[in-house]
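The structure follows.
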Protein chains: 2
Amino acid sequence: MKATVIIAHPYPLSFNHAIFQAVCGSLKERSVFVYAHDLYREKFNPILTEDELGSDVSVDALVNQYSGELLESDLLIFIHPNWWGQPPAILKGYIDRIFRPPHCYDFPAGGEGGLPVGKLRGKCAIVLNTSNTAQEREENYFGDPLELIWKQCIFGFCGVDRFYRKNFSIVADSDEAQRIRWLHEAEALVDEALENIDN
Amino acid sequence: MKATVIIAHPYPLSFNHAIFQAVCGSLKERSVFVYAHDLYREKFNPILTEDELGSDVSVDALVNQYSGELLESDLLIFIHPNWWGQPPAILKGYIDRIFRPPHCYDFPAGGEGGLPVGKLRGKCAIVLNTSNTAQEREENYFGDPLELIWKQCIFGFCGVDRFYRKNFSIVADSDEAQRIRWLHEAEALVDEALENIDN
């Protein structure tokens, strides 16, 4: 079994990185092969080019490598803070560039009409977020757009229907004991997803 | 009167650019001073740094310039395609970096507790989007997260309550006559906003 694990946070000692380490460790203990990418550390270029507007294969080898890893992975895990109801720009650019035709979705042969076809069917996705907003305010005032973005716009569009998400808040107010409980919750979610893949 | 107009699209001959030209031209005809930024042309750096995680003034002069322009502007206009229910990464990074303390919002004096204070009160915002998704599918399947993102997460958070948005779709299927009608609609929306500012 294989997994892609992506993290986007500028501070290497962030709680996001603690989640990233816990999740990668947990996967490796369970003998899952992990493609792990820390986008800030790798200085990933998030700017989709004019050439990449079309549906041809990208000329950027890194884009093709990352798309290939997504396709090979059974489990797709994204870890990031909630910034303005969205991922940080560096991860938004990963989405713009890596979730592309012909790998992650494509247009039906024959041209005109019909919706794009999702090509990540059968995979399982997990999104782990952190925020400094109370859950009630996130849902009732902001409307929690991250849920729509990941579940419908990205994974729904690409044919992934097994979707798990957990938001950890309020991180700024949390103590060490709380953070340790949250890390266990993240690991438990990964275990749950792995069991569903096995079945 | 002053306006900030921001566009994010990799193709200089895109319909987004036609909207940008029409809106800037219309504002100048009405003697509005325009701060116009084509983020792709300017090669804007969208990566929020570790230093910028805090609430101090950024050390990047360009960030402070753009924040200052937002504060000086009566009208804030953003033009971009709908990519995965979100703006392109280069504009997401403008949001991450430019909408920051102490300019656009800030934390109440005295520290603990209480929500951040929006500092863009009294301004008027317009968002003009393009997409290749039918309006019905955008609203009913994807849930139109761009509406929540701009209206609640960004402008609501920063205290902007006069918000206008128009989504032009399906651009890929549109002919020249349709696009000219859409440009007139964009200009009419700007006029409507200007009248509300005058009152």
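The values are calculated or read from the model by the stated rules, or taken from the named source; none is laboratory data. Because the structure is predicted, anything quoted here is derived from the model rather than measured. For neighbour counting, all protein chains shown are included, and Cβ atoms are generated from backbone atoms with ideal geometry for every residue, glycine included. For accessibility, only protein heavy atoms count, side chains too; no ligands or nucleic acids. Shrake-Rupley method; radii C 1.70, N 1.55, O 1.52, S 1.80 Å.
Could you pull out every residue, at least 5 positions away or on a different chain, whose amide H is within less than 5 Å of the one on residue A:105? Hs are placed 1.01 Å off N in the peptide plane, and Pro or chain starts have none.
Counting only residues 5 or more places away or on other chains, the set is A:100, A:119.
Any idea of the total accessible area buried by the B-A contact, 1.4 Å probe, rounded to 100 Å²?
3500 Å²
Under 19 Å between alpha carbons, and skipping anything fewer than 8 positions from residue A:2 in its own chain: which aspartates and glutamates qualify?
Within the straight-line limit of under 19 Å, residue A:2 reaches these aspartates and glutamates: A:29, A:38, A:69, A:72, A:74, A:161, A:187, A:191, A:192, A:195, A:198.
Which whole-Hz couplings ³J(HN,Hα) result when phi for each residue of segment A:115-122 is put into the Karplus expression 6.51 cos²θ - 1.76 cosθ + 1.60, θ = phi - 60°, listed in order with x for Gly and Pro?
Working through the residues one at a time gives 7, x, 9, x, 10, 10, 4, x Hz.
Normalising by the residue count of segment B:1-71, find the relative contact order in percent from Cα pairs under 8 Å and 6+ residues apart. Mind dumping the intermediate values first?
Working: 52 pairs, mean separation 26.4, N = 71.
Relative contact order of segment B:1-71: 37 percent.
Using a 10 Å cut-off on Cβ to Cβ distances, tally the other chain neighbours for every residue of A:91-98 and report the average as a whole number.
Whole-number average of other-chain Cβ neighbours for A:91-98 is 5.
Further question: Sorted from shortest, what are the nm distances separating the label point of residue A:173 from equivalent points in the other copies, each placed 7 Å from Cα along Cα to C-beta?
4.8
Let me ask something else. Let me have the 222 nm mean residue ellipticity of chain B computed from DSSP H runs of 4+ only, each contributing -39500 (n - 2.57), with the sum over all residues rounded to the nearest 500.
Counting only the DSSP helices, I get -10000 deg cm²/dmol.
Quick one: Karplus J couplings for segment B:30-46, per residue in order, coefficients 6.51, -1.76, 1.60, θ = phi - 60°, nearest Hz, x for Gly and Pro?
Residue by residue, segment B:30-46 yields 8, 6, 8, 6, 10, 8, 10, 9, 9, 4, 5, 5, 7, 6, 4, 8, x Hz.
Per residue of segment B:18-23, in order, report the coupling 6.51 cos²θ - 1.76 cosθ + 1.60 (Karplus, θ = phi - 60°) as ³J(HN,Hα) in whole Hz, putting x for Gly and Pro.
5, 4, 4, 5, 4, 5
Something else now. If I build a Gaussian network model for chain B, linking alpha-carbon pairs within less than 10 angstrom, which residue out of B:125, B:109, B:36 has the largest mean-square fluctuation?
Highest fluctuation among the options: B:109.
Can you tell which of A:189, A:48, A:70 shows the greatest fluctuation in a Gaussian network model of chain A with Cα springs below 10 Å?
Looking only at A:189, A:48, A:70, the largest GNM fluctuation is found for A:48.
If you average 1/r over all unlike Cα pairs in the protein assembly as shown and invert the result, what Kirkwood radius do you get in angstrom?
21.9 Å
Assuming a viscosity of 0.890 mPa s and a temperature of 25 °C, what translational diffusion coefficient in µm² per second does Stokes-Einstein assign to chain B, Rh being the Kirkwood radius over Cα pairs?
140 µm²/s
Return a whole-number percent for the relative contact order of chain B, with Cα pairs under 8 Å and 6 or more residues apart as the contact set. Numbers along the way, then the final one.
Details: 309 pairs, mean separation 46.5, N = 199.
Reported relative contact order: 23 percent.
Placing the label point 7 Å from Cα along the Cα-to-Cβ direction, what are the distances from residue B:55 to the equivalent spots in the other copies, shortest first, in nm to one decimal?
Nearest to farthest, the other copies are at 4.8 nm.
Using a simple charge model, +1 on the beta-carbon of Lys and Arg, -1 on the beta-carbon of Asp and Glu, nothing else, what dipole does the protein assembly as shown show about its Cα centre, in debye to the nearest 20?
The calculation lands at about 200 debye.
Computing the accessible area with a 1.4 Å probe over protein heavy atoms, can you report the carbon and sulfur percentage for the protein assembly as shown?
C and S atoms contribute 49 percent here.
For chain B, set up a GNM with springs between Cα atoms under 10 Å and report which of B:119, B:28, B:43 has the largest fluctuation.
Per the Cα network of chain B with a 10 Å cutoff, B:43 tops the list.
Also: Please list, ordered by chain and number, the residues whose modelled amide H lies under 5 Å from the amide H of residue A:162; skip anything fewer than 5 residues away on the same chain.
Answer set, sorted by chain and number: A:125.
Let me ask another. Solvent-accessible area per residue for segment A:110-160 at a 1.4 Å probe radius, Å²?
Details: 2100 Å² over 51 residues.
About 41 Å² of surface per residue is accessible.
If exposed GluC sites (Glu not before Pro) are those in a DSSP loop with at most 14 other Cβ within 10 Å, what is the longest stretch of chain A that has none? Let's see the in-between values first.
Working: sites that count: A:50, A:112.
Result, exposed sites excluded: A:113-199.
Next question, about the same structure. Per residue, how much accessible area does segment A:36-99 show when a 1.4 Å probe rolls over the protein heavy atoms, in square angstrom?
34 Å²
Would you please give the residues with an amide H less than 5 Å from that of residue B:168, counting only those at least 5 places away or on a separate chain, with H modeled from the backbone geometry?
Under 5 Å from the amide H of residue B:168: B:129, B:130, B:131.
Going by alpha carbons, how many degrees (0 to 90, nearest 10) lie between the helix axis of B:176-198 and the longest principal axis of chain B?
In chain B, helix B:176-198 runs at an angle near 40 degrees to the longest axis.
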